[in-house]
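Presented below is the structure to which this report refers.
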Amino acid sequence: MRHEELRDEQCPIARSSAILGERWVWLILRAAFNGARRFEDYQQGTGAARTMLADRLGLLVEHGILEKRLPSGATSGHREYRLTDKGFALFPAYLALVEWGNTWTGLETPVTVEHVGCGRHTHPEVVCSVCREPLTARSTRAQWRVRSPVERRGEGNPGAIGEVQVARGVEDGEARRQADLDPADVGAAQRHRRAPGGREEGLGR
């Protein structure tokens, strides 16, 4: 499978990786979150070659993560690369990478994050939006929906929408089905669940 083909996978991790897994992307986002606007700001903030940087900035613009626009109040001149709402939505993932890098990469001087509101150093936590309990790989499971053959044919029968739930500990080949699903869909769900070496995939483990 080629890297760009990940964009067509029925998996949010695969599709995100097709964009965010490209070289220099996270360093560009780091620069954007820290105030970069002009091309020269991004080059100084990343150290990437101009041709590579232009390509990656174009990728992020293509996918709506950055946008090119004139500075506020300007009617002409150089356009800036600014984060969109879609780009700002990546900030929690950015903080998680900062935390992981501080903890696991042997960084001699960890990067601290200050919450401007209270003036204290902080770190990201992932909790359930309902009960506020911490979310871990062992306390979660992934669920996703796949289109039934009827839905794919455009017949518009909402009752034909199928759902496949793959929970940890389920034997291979046993996917719970709530509708008449195409076997290829179930197979895709099972392949998504199994990583190389027989490990399970989902939200992580």
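The values are calculated or read from the model by the stated rules, or taken from the named source; none is laboratory data. Only a predicted model underlies this, so the values are computations on that prediction, with no experimental measurement involved. Cβ placement follows ideal geometry from the backbone for every residue including glycine, while neighbour counts extend to all protein chains displayed. Side chains included, ligands, DNA and RNA excluded: accessible areas come from the protein's heavy atoms. Shrake-Rupley method; radii C 1.70, N 1.55, O 1.52, S 1.80 Å.
Quick notes on this structure:
- Options 59, 126, 137, ranked by Cα towards positive dipole end of region 1-141, top entry (Cβ charges): 59
- Length added when fully stretched, residue 103-residue 23, from 0.36 nm per residue minus Cα-Cα: 26.6 nm
- With only the Cα atoms considered, region 13-113 has a convex hull volume of 120 Å³ per residue.
- Here region 1-45 has 47 percent of its accessible surface on carbon and sulfur atoms, given a 1.4 Å probe and all protein chains in place.
- Solvent exposure of region 29-139, expressed per residue, is 70 Å² of accessible area, with all protein chains present and a 1.4 angstrom probe.
- Between residue 54 and residue 130, the modelled labels are 5.1 nm apart [label points 7 Å from Cα along Cα→Cβ].
- By a 1.4 Å probe calculation restricted to protein chains, residue 65 has an accessible surface near 10 Å², given to the nearest 10.
- Figure note: 132, 141 ranked by solvent-accessible area, largest first, 1.4 Å probe, ligands and nucleic acids not counted: 132, 141.
- Residues of region 121-147 with amide N under 20 Å of the 7 Å Cα→Cβ point at residue 95: 121-137
- Computed on protein heavy atoms with a 1.4 Å probe, the accessible areas place 1, 52 in the order 1, 52, largest first.
- Pair residue 86, residue 120: separation of 7 Å Cα→Cβ label points (nm): 3.6 nm
- Rounded Å value of the spacing that divides the Cα centres of region 76-131 and region 2-19: 23 Å
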